[in-house]
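Please read through the structure below; I'll follow up with questions.
The values are calculated or read from the model by the stated rules, or taken from the named source; none is laboratory data. Every value quoted in this text rests on a predicted model; they were computed, and no experiment measured them. Positions of Cβ are generated from backbone atoms using ideal geometry, with glycine treated the same way; all protein chains shown enter the neighbour counts.
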Ligand SMILES: Cc1cc2nc3c(=O)[nH]c(=O)nc-3n(C[C@H](O)[C@H](O)[C@H](O)COP(=O)(O)O)c2cc1C
């Protein structure tokens, strides 16, 4: 809804992910936004202005010194007659230009001349992304108020290389644009929320770890939904391959102990929603070097030790948030297990979901949850994880409204 009637100036720069911009245009228009494309010279090596213009149903602007375009619209109007400037993909080169205030082509000039919010979806080779120069530019741009979605971890389209640098998926970019343009009511303005999300990775040795199938989708959606209602959200997440939600402070951790430390460091807060699938146990003493397989030697056994119980630590903390919500991932006797958890952990509400493999909840996009509180049990229908998040955020806002 936030995108309906909104005018988006889409800058496409010259990366291989430019092919995904075609799908992005389609999805933005499906949401009711209009898309006016600007393409760099590099972008035109990857997708044609003809295809971009056909999908956007608008003229494609490519040239700073086009007498016709400058007469019709002009680069200053192009920079201002929009609600959002979206750069997808954002190349290392364009980020460098922006960070240094260059204006030597239409895209960079528009970016320097705009007074509209700017959202960038970087996409590049992992080595380019981790280069000190790109890191520097990224920090400068964040400081300048540019918002980012991605990049993501995964395999590169053009090579066998994997790592961080993939452009966020078109739908993730759409969600990020929606979050940025949302001007709905903010009942949670002034409230601080801590949300945990994703799995934890517990090392066995430097290359192996114990993990679980959590994707982070539910926790990330809850963080985004709370931010949409105006909360100041700290999202503490384990290793996931989805984008950080826009408008949320995201802290990345690996292990349960790191997650506990980050959560406690984020206190005080009004709201805690502990969604992460934290490993109950870790290897008692992870090996410093890779454990080698030697012919004839016995198979190693793993001695486990208990991980910190983060929900319990928050639920019984001297700075306990007003509202503490835990998630219970169960494969049997969901309701009774969740009720016991409510008491044990000092939580106000447990959101219980059945994560048996047949439900497809873990790693999937849908969730069917039961809300267990001291006043009873409420079953919600099967919903998308974003819908669960929105309903839960609305319920949290209602609790605070009632005081
Ligand atoms: C096949 C190929 C793929 C490329 N992919 C990327 C990419 O994904 N990200 C990036 O930052 N640069 C990429 N580049 C390099 C850019 O195209 C180059 O830096 C160019 O100057 C960017 O121009 P622009 O930022 O004005 O669009 C690629 C180059 C080639 C030849």
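Can you go through 64, 86 and tell me which one is in contact with a strand residue (DSSP E or B) (Cβ under 8 Å, 6 or more places away or on another chain), within 16 Å of the ligand (Cβ to nearest atom) and assigned by TED's automatic domain parsing to the domain that holds residue 135? Don't jump to the end; show me each part of the working.
Working: 64 fails: in contact with a strand residue (DSSP E or B) (Cβ under 8 Å, 6 or more places away or on another chain).
Residue meeting the stated conditions: 86.
Among (1) within 16 Å of the ligand (Cβ to nearest atom); (2) modelled with pLDDT of 95 or more; (3) assigned to a helix (DSSP H, G or I), there is one condition residue 120 misses while meeting the rest; what is its number?
Every listed condition holds for residue 120 apart from (3).
Oh, and also: For segment 365-375, give me the residue count where each residue is at pLDDT 90 or above and either out of contact with any helix residue (DSSP H, G or I) (no Cβ under 7 Å at 6 or more places or on another chain) or not assigned by TED's automatic domain parsing to the domain that holds residue 228 (or both).
Final tally of qualifying residues: 2.
If I filter segment 48-58 down to residues being more than 16 Å from the ligand (Cβ to nearest atom) and touching a residue at least 12 places away in the same chain (Cβ under 8 Å), which single residue comes out as surrounded by the fewest Cβ atoms within 10 Å (Cβ to Cβ)? Reasoning before the result, please.
Taking segment 48-58 first, the residues more than 16 Å from the ligand (Cβ to nearest atom) are 50-51, 53-58.
Filter again for touching a residue at least 12 places away in the same chain (Cβ under 8 Å), leaving 51, 53, 55-58.
Numbers: 51: 14, 53: 16, 55: 19, 56: 22, 57: 10, 58: 15.
Among those residues, the one meeting the criterion is 57.
Could I ask something else about it? With segment 225-290 as the region, which strands (runs of 3 or more DSSP E) entirely inside it contain at least 3 residues that are more than 18 Å from residue 208 (Cβ to Cβ) and either in contact with a strand residue (DSSP E or B) (Cβ under 9 Å, 6 or more places away or on another chain) or at pLDDT 95 or above (or both)? Break it down stepwise before answering.
Details: elements: 232-237, 249-252, 271-274, 281-283.
Where strands (runs of 3 or more DSSP E) fall fully within segment 225-290 and carry at least 3 residues being more than 18 Å from residue 208 (Cβ to Cβ) and either in contact with a strand residue (DSSP E or B) (Cβ under 9 Å, 6 or more places away or on another chain) or at pLDDT 95 or above (or both), they are 232-237, 249-252, 271-274.
Right, another one. Say whether the condition of being surrounded by fewer than 17 Cβ atoms within 10 Å (Cβ to Cβ), assigned to a strand (DSSP E or B) and within 15 Å of the ligand (Cβ to nearest atom) is met by at least one residue in segment 107-116.
No, because not a single residue in segment 107-116 is surrounded by fewer than 17 Cβ atoms within 10 Å (Cβ to Cβ), assigned to a strand (DSSP E or B) and within 15 Å of the ligand (Cβ to nearest atom).
Still on this structure, please answer the following. Please verify whether segment 284-304 includes one or more residues that are in contact (Cβ under 8 Å) with a residue 24 or more places away in the chain and surrounded by 21 or more Cβ atoms within 10 Å (Cβ to Cβ).
Residues of segment 284-304 that are in contact (Cβ under 8 Å) with a residue 24 or more places away in the chain, as a first pass: 286-291, 302.
Next cut, surrounded by 21 or more Cβ atoms within 10 Å (Cβ to Cβ) only: none.
No, there is no match, as no residue in segment 284-304 is in contact (Cβ under 8 Å) with a residue 24 or more places away in the chain and surrounded by 21 or more Cβ atoms within 10 Å (Cβ to Cβ).
With the requirement that a residue be crowded, with 17+ Cβ neighbours inside 10 Å and within 12 Å of the ligand (Cβ to nearest atom), what does segment 97-106 give you?
Within segment 97-106, 97, 98, 105, 106 qualify.
Which of the helices (runs of 4 or more DSSP H) found entirely inside segment 7-97 contain at least 1 residues meeting this: at pLDDT 95 or above?
Numbers: elements: 18-30, 49-56, 67-72, 75-80.
The helices (runs of 4 or more DSSP H) meeting that bar are 18-30, 49-56.
Considering segment 131-165 alone, what residues qualify as being within 20 Å of the chain's Cα centre (by Cα), assigned to a loop (DSSP other than H, G, I, E, B) and more than 14 Å from the ligand (Cβ to nearest atom)?
Quick first cut of segment 131-165, residues within 20 Å of the chain's Cα centre (by Cα) only: 135, 138-139, 141-143, 145-156, 162-165.
Going one step further and asking which of them are assigned to a loop (DSSP other than H, G, I, E, B), we end up with 145-146, 149-151, 156.
If the condition is that a residue be within 20 Å of the chain's Cα centre (by Cα), assigned to a loop (DSSP other than H, G, I, E, B) and more than 14 Å from the ligand (Cβ to nearest atom), then 145, 146, 149 are the ones that fit.
Hey, another quick one. Can you confirm whether residue 128 is buried (at least 21 other Cβ atoms within 10 Å of the Cβ) and either in the same structural domain as residue 244 (by TED's automatic domain parsing) or within 10 Å of the ligand (Cβ to nearest atom) (or both)? Outline the logic, then answer.
Details: buried (at least 21 other Cβ atoms within 10 Å of the Cβ): no; either in the same structural domain as residue 244 (by TED's automatic domain parsing) or within 10 Å of the ligand (Cβ to nearest atom) (or both): yes.
Considered against the rule, which asks whether it is buried (at least 21 other Cβ atoms within 10 Å of the Cβ) and either in the same structural domain as residue 244 (by TED's automatic domain parsing) or within 10 Å of the ligand (Cβ to nearest atom) (or both), residue 128 comes out as no.
Considering (1) farther than 24 Å from residue 141 by Cα; (2) surrounded by fewer than 16 Cβ atoms within 10 Å (Cβ to Cβ); (3) away from the ligand (no atom under 15 Å from the Cβ); (4) in the same structural domain as residue 122 (by TED's automatic domain parsing), say which one residue 81 fails and leave the rest.
With respect to (1) farther than 24 Å from residue 141 by Cα; (2) surrounded by fewer than 16 Cβ atoms within 10 Å (Cβ to Cβ); (3) away from the ligand (no atom under 15 Å from the Cβ); (4) in the same structural domain as residue 122 (by TED's automatic domain parsing), residue 81 is out only on (1).
Determine whether residue 23 is surrounded by fewer than 17 Cβ atoms within 10 Å (Cβ to Cβ), assigned by TED's automatic domain parsing to the domain that holds residue 170 and closer than 14 Å to residue 173 by Cβ.
Numbers: surrounded by fewer than 17 Cβ atoms within 10 Å (Cβ to Cβ): yes; assigned by TED's automatic domain parsing to the domain that holds residue 170: yes; closer than 14 Å to residue 173 by Cβ: yes.
For residue 23, the condition - surrounded by fewer than 17 Cβ atoms within 10 Å (Cβ to Cβ), assigned by TED's automatic domain parsing to the domain that holds residue 170 and closer than 14 Å to residue 173 by Cβ - is met.
Rundown of residues vs (1) closer than 24 Å to residue 260 by Cα; (2) at pLDDT 85 or above; (3) surrounded by 12 or more Cβ atoms within 10 Å (Cβ to Cβ), yes/no style:
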site	(1), (2), (3)
316	yes, yes, yes
340	yes, yes, yes
343	yes, yes, no
347	yes, yes, yes
363	yes, no, yes
389	yes, yes, yes
400	no, yes, yes
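For the list (1) out of contact with any helix residue (DSSP H, G or I) (no Cβ under 8 Å at 6 or more places or on another chain); (2) within 11 Å of the ligand (Cβ to nearest atom); (3) without any contact (Cβ under 8 Å) to a residue 60 or more places away in the chain, I need the number of the one condition that residue 43 fails.
For residue 43, the failing item is (1).
Further, regarding this structure: Residue 210 versus (1) modelled with pLDDT of 95 or more; (2) within 21 Å of residue 16 (Cα to Cα): which is the lone unmet condition?
(2)
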